[in-house]
Amino acid sequence: MKNISATLAIVWRIAIPYFRSEDKWVGRGLLAVVVAMELVLVAINVLLNQWQNRFYSALQAYDLPEFVKEVWIFLGLAFTFVALAVYKLYLNQWLQIRWRQWLTQHYLGEWLRGATHYRMQLKGDAADNPDQRITEDVKNFVEQTLSIGLGLLSSIVTLASFVVILWGLSYKAPLYIYGTDILVPGFLVWCALAYAIVGTALTHWIGSPLINLNFEQQRYEADFRFNLIRVRENSEQIALLKGENAERGRLLQRFGFVIGNWYAIMSRTKRLTAFTASYGQAATIFPYVVVAPAYFAKRIQLGDMMQTGSAFGSVQDALSFFVTAYRSLAEWRAVIARLDGFEMSVSSATHGAALEPTIDVAPSNGKAIALEQLLVKLPNGTPLVAADGFTIQPSERVLVTGPSGSGKSTLFRAIAGVWPFGSGKIAIPATSKLMMLPQRPYFPVGPLGDAVIYPAEHGSITPDKIRDALIAVGMPRLAERLDEDGHWNRTLSLGEQQRLGLARALLHVPDYLFLDEATASLDEPSEDRLYRLLTEKLPQATIVSIGHRSTLDAFHTRKVALANDGDIHVLGKANAPAQEPTAAR
């Protein structure tokens, strides 16, 4: 019971925001109509149950006029039932897609807000494969919540309706044993209840392992799919290293988990299906066996017997809801657990642990970037970089050096506000625009023009300006391909990608430009030309570079190093360059 309450609380937390959202009136209206149709369908089933008594009694009495009348009544009820069933499905699907659309937009917004997606990856939490959570799990949650919820409602209303009918029939068809009528009030109801309780208990005992097995199956499937995508994205490196056999082995190993868990699901499902199928078949004949003695003793008519069988079946079906829907419930529980884990991971990455200090990146009224009592840590809490009283002034050219692994890139991430692990304060001028260019820039799949100006919107920068920027960074052959769709991170070399990254910087004109080895894949003459270009085109911008080539000294007014101090690296305050910067010569 405690697990059921916890699961329902999670379902409520995930589901209720939609019905309080800006789409609430449409969502509530569709839900109300679907529920109303479900109730009408139950009412029609009650009428059909009563119809059965009259219809079979007319057959037994050879009453043709009554038979014809009942056929017309059946046709009317059947037509109404079919029409309602069709439109209930249609409106249900309409509600599903609106609800799914809202949930998808909500989860995408939370996942992509404030670098949450990046922090989730850094924390290595339980929210593996967020793509699956936002696609398959959201779809399954909406579909299964409506299906199971409406099924449960239908079962409750059906139970309430047919228990009354079955209770009344218990007086017409009393328990008949050895020529004696034994009047047990509602004995047919008690028979149905006992039958359903035994079936539900056995079903849960046999099928409960399916909940965890379904959860694991989704995880293994997503992990296998993710690694297939990784192979596709890194196919060049794999081909160059001739790593096909190694990748095949890794992929087959992961697919082995899919197969092994699937066999476990097959075995458990076989047992569950064997029981539920037997249970369902026995339920067909069970009520007739119970009332047959009364019928053959001519205590009841054929119509009473058929109505009893139908009413008993409806009550038994309603009571056996968890038997027939057990596998769906197991899959639903797994989906709920995955979405709950995703929400918890997003919340943890967004807000952080309440008792842990984090780096405070805040806007300031000053003109310089200031680092005060800054301590950057790894996600596991290990100190990495310390800085105090360090400032980056407007229009400065700063070169940051240090050994590999000393935390230079991580320091840049902290300044960008995406690395929360640590303590201290980073003050950023409130009106300044920062841009970070990593060693491997990101380009979305799509038109080249949109990829270059990313994250700006399509049309926000004119094609002429984009062409000029491409020509300036030495990519004239791409200047006339702005409308061409492509996977640019795949089709261009890393050096070409770095040139496009610098073109992006020229187009966005940042106040602070951070270059994290953003020209490392270029030859020195090309790097020299591009740094001169930045100096010429962005004369007011502050440029902060990470690099290892000594030729970079000429383009920076200040050089600082991350010096080793025991187990931590300390950012030095200043170190004079070897020569005057190129821009000043």
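The values are calculated or read from the model by the stated rules, or taken from the named source; none is laboratory data. Note that the structure is predicted; figures quoted are calculated from it, not measured. When we count neighbours, we look across all protein chains shown, and the Cβ atoms used for this are built from the backbone with ideal geometry, even at glycine.
Miscellaneous remarks
- Only residues that are part of a loop (DSSP other than H, G, I, E, B) and either among the acidic types (Asp, Glu) or within 19 Å of ASP468 (Cβ to Cβ) (or both) were counted in the stretch 507-539, giving 7.
For every residue, the table says whether it meets (1) touching a Ser or Thr at 6+ places or on another chain (Cβ under 6 Å); (2) surrounded by fewer than 19 Cβ atoms within 10 Å (Cβ to Cβ); (3) part of a strand (DSSP E or B); (4) at pLDDT 85 or above.
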| site | (1), (2), (3), (4) |
| --- | --- |
| LYS298 | no, yes, no, no |
| MET305 | no, no, no, no |
| ALA318 | yes, no, no, no |
| TRP332 | no, no, no, yes |
| SER345 | no, no, no, no |
| ALA354 | no, yes, no, no |
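- HIS487 falls short on exactly one of the conditions (1) closer than 30 Å to GLY389 by Cα; (2) under 41 Å from the mean Cα position of the chain (by Cα); (3) free of Cβ contacts under 8 Å to residues at least 60 places away in the same chain, and that condition is (1).
- Once the stretch 262-277 is narrowed to residues that are more than 31 Å from the chain's Cα centre (by Cα) and within 15 Å of TRP205 (Cβ to Cβ), the residue that is surrounded by the fewest Cβ atoms within 10 Å (Cβ to Cβ) is ALA274.
- Residue within the stretch 38-45 that is hydrophobic (A, V, I, L, M, F, W, C), over 41 Å from the mean Cα position of the chain (by Cα) and within 20 Å of ASP304 (Cα to Cα) present: no
- If you check ALA222, ALA239 for being modelled with pLDDT under 85 and either exposed (fewer than 12 other Cβ atoms within 10 Å of the Cβ) or of a type in the set (Val, Ile, Thr) (or both), only one passes: ALA239.
- On inspection, GLN132 qualifies as among the polar types (S, T, N, Q) and within 25 Å of SER147 (Cβ to Cβ).
- Options GLY249, GLY256, GLY199; residue that is under 23 Å from SER155 (Cα atoms) and in the same structural domain as ALA318 (by TED's automatic domain parsing): GLY199
- Which listed residue is assigned by TED's automatic domain parsing to the domain that holds SER345, closer than 28 Å to ALA318 by Cβ, within 25 Å of the chain's Cα centre (by Cα) and not polar (S, T, N, Q), from LEU77, LEU95: LEU95
- Checking each residue in the stretch 192-205 for being crowded, with 19+ Cβ neighbours inside 10 Å and of a type in the set (Val, Ile, Thr) picks out only THR203.
- Given (1) within 23 Å of GLY313 (Cα to Cα); (2) without any contact (Cβ under 8 Å) to a residue 24 or more places away in the chain, number of the condition GLN60 does not satisfy: (2)
- Long-range neighbours under 8 Å by Cβ, at least six apart or interchain, first residue free of Cβ contacts under 8 Å to residues at least 24 places away in the same chain and within 13 Å of GLY474 (Cα to Cα) within the stretch 527-541, second surrounded by 21 or more Cβ atoms within 10 Å (Cβ to Cβ) and not polar (S, T, N, Q): none
- Of all residues in the stretch 86-93, none are farther than 30 Å from THR135 by Cβ, modelled with pLDDT under 95 and surrounded by 14 or more Cβ atoms within 10 Å (Cβ to Cβ).
- When GLY341, GLY389 are checked against the criterion of being in the same structural domain as ALA416 (by TED's automatic domain parsing) and modelled with pLDDT under 90, a single residue qualifies: GLY389.
- Residues that are farther than 20 Å from GLN132 by Cβ and of a type in the set (A, V, I, L, M, F, W, C) within the stretch 216-268 comprise ILE238, ALA239, LEU240, LEU241, ALA246, LEU252, ALA264, MET266, listed in sequence order.
- Of the residues making up the stretch 545-561, at least one is closer than 25 Å to PHE443 by Cβ and at pLDDT 90 or above.
- Only one of TRP51, TRP102 that is aromatic (Phe, Trp, Tyr), surrounded by 15 or more Cβ atoms within 10 Å (Cβ to Cβ), in contact with an Asp or Glu (Cβ under 9 Å, 6 or more places away or on another chain) and closer than 28 Å to SER347 by Cα: TRP102
- Filter result (crowded, with 17+ Cβ neighbours inside 10 Å and touching a helix residue (DSSP H, G or I) at 6+ places or on another chain (Cβ under 8 Å)) within the stretch 444-453: LEU448, GLY449, ALA451, VAL452, ILE453
- Filter result (surrounded by 19 or more Cβ atoms within 10 Å (Cβ to Cβ) and either more than 15 Å from TRP332 (Cα to Cα) or among the hydroxyl-bearing types (Ser, Thr, Tyr) (or both)) within the stretch 135-156: SER154, SER155
- Qualifying positions in the stretch 467-499 - among the hydrophobic types (A, V, I, L, M, F, W, C), closer than 26 Å to ASN234 by Cα and surrounded by fewer than 22 Cβ atoms within 10 Å (Cβ to Cβ): MET475, LEU482, LEU492, LEU494
- For the stretch 224-269, a residue qualifies if it is outside any helix (DSSP H, G or I) and among the aliphatic types (A, V, I, L, M), and exactly one does: LEU241.
- Helices (runs of 4 or more DSSP H) wholly inside the stretch 9-127 containing at least 1 residues that are under 30 Å from VAL418 (Cβ atoms) and of a type outside the set (Lys, Arg): 64-111, 116-123
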